[in-house]
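The values are calculated or read from the model by the stated rules, or taken from the named source; none is laboratory data. Quick caveat: nothing in here was measured; it's all calculated off a predicted structure. Cβ atoms come from the backbone with ideal geometry, glycine included; neighbour counts cover every protein chain shown.
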């Protein structure tokens, strides 16, 4: 039976956008998405899409995937690349996406242009260039695949080299003020003002195995239990923890006419956080005092089915049935 709160997920407004959460299986089969087996190049942080558009236009024999977290950037970039069949855009944290969306040895090259260094201690959780990132790259890059960084911060370039080499990458080049074939808008601006640019190219020489959070069929369980309705009053603000999994109940909304509840959840797997809704309702809505309740993901929400998301259903069922 459908939930009284459930609705349909929003349609995809951008024809070149990929929503991996909609797929039944991860990592993704990019050959099916693009309709060919061309090599994959990934840009992390595509911004306005200028670099990605020019690069993909010059290399129609390659497939390109761009990551961003900004919806505004998605809109700007999509306007530039919408006619390019060899480009797909993804809105999600690339640290998560690189590990979960790409299989071993499936990517030819990964590019980052002028990322924010996030050098303050308080910004540590936002950093992309960390050892775990290069562990992921050592898995998803093909043998001798490359990682390319362009930055205007010298210490950041040197730190990137150091971290990468610790994970088995080989330094191919470290160049100050390179004459790159394709330049970003910011790069052209920095050059105009005489600011130094640093280019780093690293090559994978060691293959590492990584543990994926999802890996396999992208399924979501539901729970059936006898609910103590008085426990709903205790839910809001409740925090549940289990190792790297955290589930926080941020809101509780009761159906005006009926007994169903919509539950706002924030869950975290390590550093990866998601917001979504669960729904709880009597199994038999026609029965006045139905003992059995269903707790499941609301269909208007579509988070990645990570361990914390799956656990949120079970931990709420356990709490409500006490």
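Scanning region 31-54 for residues that are touching a residue at least 60 places away in the same chain (Cβ under 8 Å) and either more than 15 Å from residue 107 (Cβ to Cβ) or not assigned by TED's automatic domain parsing to the domain that holds residue 129 (or both) turns up 45, 47, 48, 50, 51, 54.
Take the residues of region 256-285 that are in a loop (DSSP other than H, G, I, E, B) and in contact with a strand residue (DSSP E or B) (Cβ under 7 Å, 6 or more places away or on another chain): which is farthest from residue 308 (Cα to Cα)?
Among residues in region 256-285 that are in a loop (DSSP other than H, G, I, E, B) and in contact with a strand residue (DSSP E or B) (Cβ under 7 Å, 6 or more places away or on another chain), the one farthest from residue 308 (Cα to Cα) is 259.
Take the residues in region 296-322 that are in contact with a helix residue (DSSP H, G or I) (Cβ under 9 Å, 6 or more places away or on another chain) and more than 14 Å from residue 235 (Cα to Cα), then tell me which one is surrounded by the most Cβ atoms within 10 Å (Cβ to Cβ). Here the residue is 297. Here region 130-147 is the region considered, the condition is being crowded, with 20+ Cβ neighbours inside 10 Å and without any contact (Cβ under 8 Å) to a residue 40 or more places away in the chain, and the residue that is nearest to the chain's Cα centre (by Cα) is 133. Residue-level check: of (1) in contact with a strand residue (DSSP E or B) (Cβ under 6 Å, 6 or more places away or on another chain); (2) farther than 23 Å from residue 91 by Cβ; (3) outside any loop (DSSP other than H, G, I, E, B); (4) without any contact (Cβ under 8 Å) to a residue 60 or more places away in the chain, residue 290 misses just (3). Does residue 208 satisfy the criteria of being touching a helix residue (DSSP H, G or I) at 6+ places or on another chain (Cβ under 9 Å), touching a residue at least 24 places away in the same chain (Cβ under 8 Å), surrounded by 13 or more Cβ atoms within 10 Å (Cβ to Cβ) and within 25 Å of residue 54 (Cβ to Cβ)? Considered against the rule, which asks whether it is touching a helix residue (DSSP H, G or I) at 6+ places or on another chain (Cβ under 9 Å), touching a residue at least 24 places away in the same chain (Cβ under 8 Å), surrounded by 13 or more Cβ atoms within 10 Å (Cβ to Cβ) and within 25 Å of residue 54 (Cβ to Cβ), residue 208 comes out as no. Screening residue 164 on (1) crowded, with 21+ Cβ neighbours inside 10 Å; (2) within 18 Å of the chain's Cα centre (by Cα); (3) under 21 Å from residue 201 (Cα atoms) shows it passes everything except condition (2). The residue list 85, 17, 68 contains one member that is buried (at least 20 other Cβ atoms within 10 Å of the Cβ) and closer than 29 Å to residue 216 by Cα, which is 68.
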